[in-house]
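To start, the structure itself, in structure tokens.
Read-outs throughout are calculated quantities, based only on the coordinates presented, and are distinct from any laboratory measurement. All values derive from a computational prediction rather than experimental measurement. Note that each Cβ is placed from the backbone with ideal geometry, even for glycine, and that neighbours are counted across all protein chains shown.
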């Protein structure tokens, strides 16, 4: 055993010497920590260290600290960063269940000016709700990049923000479970307190495969650009008929004066955003909060399921100096089930761009709201719809019809707006005929083989010229993403060509760059891949 330990020590010494000379280390060390260990021990599996603090001071590029079971009243705060090839990792040991609680300053993870750190399989537990919580923040990241949080459990944080990212880019949150930040019931703030994840001037981050529940305010608020949020479950339900909004893609200048938008939100489930509590001090309309805010510019919201939300699936508003614009957003191929309609838009009498938002190929089914769409523009000089468009959506209810409430026109039927307003085109009232409405079932919200939604959708855009090669000029590039240097770009189908991968989108010039050369004619259809003669309406394309 002594010979083995001496060999390990010599190997670590060689790695440190190489690191000090500027060379990439040829090896990385594994260390072990246990609440019953001793920092004077070598930190191996049989003689572990006793504190995370020892790991914080010791870990270097490529090293891993395995945390054994038990409670740690400490903070993860590494003394140095890892590198792209060699992350510093804090990981749960085998089947052990390490829990971090009551950290110094009540912040469990501090990665300010740190990068390439991985947190994997740990539990962070504030033990009690709100003011009794032993954790205020789960993590703080300021000027940090390329950190990873995965496979971990986060419970109880007082807030206001549990995960605070500021000027922090290319971080990843994957397959985590997060629950209970702040409170929905607070005598001092009737809107609720606490955001679970807040991105402030934080760009190119990935939030994927997580389950988020119970934040007093928002589960996720994004005032940053080029982030990707996909394959998550958002549920901000606090009790029977009680809850609040789940997500804000708001480009809020209060938190970042350079933010515009350009975020991707896809393949998520957003459910049970319910009534604000009785003491809410906002307007009566806000007592039925939207499931999601979509503000700023060039946000893409697609292939999501919004289910059992009291208010509309999506809202937007102009509120200078915080929210300066709601324009060029693309909301398509979503399902809104048993909710409060599709969209609510207000300008509160404020000027600011609020046009060129497109709603296409969405299913809005079994809505309980008076209005499927509610638009209230009151600033001078606006038209009633400000060039916002509704194309090939399906609005249907088992009984009755929902109106379209547009200030200056009043409440009108879908038939009336289709006949009278050019902004509404090819929308239908046919029921979707889902295989199942089970949110988490394998066929939930998929279409039956004879659904009228099949091949009934509209193509996203068209080519604006003929040509061949890898640069394709299109009428509207705002529907697509190159992945924002976070994930792969979209697959697009141009005319009868096989799908090709988008590697760059020039939004100002309307040009898609793809990975393979193809030929196209002027005016050919461009969409994400589809089966049959045209895209389906809804969140799932039925395979023919």
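Assorted remarks:
- The chain, helix-only ellipticity at 222 nm - DSSP H runs n ≥ 4, -39,500 (n - 2.57), divided by all residues, nearest 500: -2000 deg cm²/dmol
- Per-residue Cβ neighbour rank within 10 angstrom, fewest leading, 128, 164, 446: 128, 446, 164
- Above 21 Å, the calculated P(r) of region 142-211 contains 30 percent of its Cα-Cα pairs.
- Isotropic mean projected area of the C-alpha convex hull, region 135-174 (nm²): 2.8
- Three-way shape label, region 420-544, alpha-carbon gyration tensor, a/c 1.5: prolate
- Label-to-label distance, residue 83 versus residue 384, with points set 7 angstrom from Cα along the beta-carbon direction: 6.5 nm.
- Overall Cα dimensions of region 333-417, principal axis frame, Å, largest first: 39, 24, 21
- Shape category assigned to region 447-498 from the gyration tensor of Cα positions, a/c cut at 1.5: oblate
- Kirkwood Rh (inverse of mean 1/r, distinct Cα pairs), the chain, angstrom: 24.9
- Gained length - residue 436 relative to residue 40, 0.36 nm times residue gap less alpha-carbon distance: 136.6 nm
- Histogram of C-alpha separations across region 461-527, 10 Å bin width, %: 25, 63, 12, 0
- Alpha carbon convex hull of region 183-459, volume per residue in cubic angstrom: 124
- Fraction of antiparallel bridges per DSSP, the chain only, in percent to nearest 5: 15
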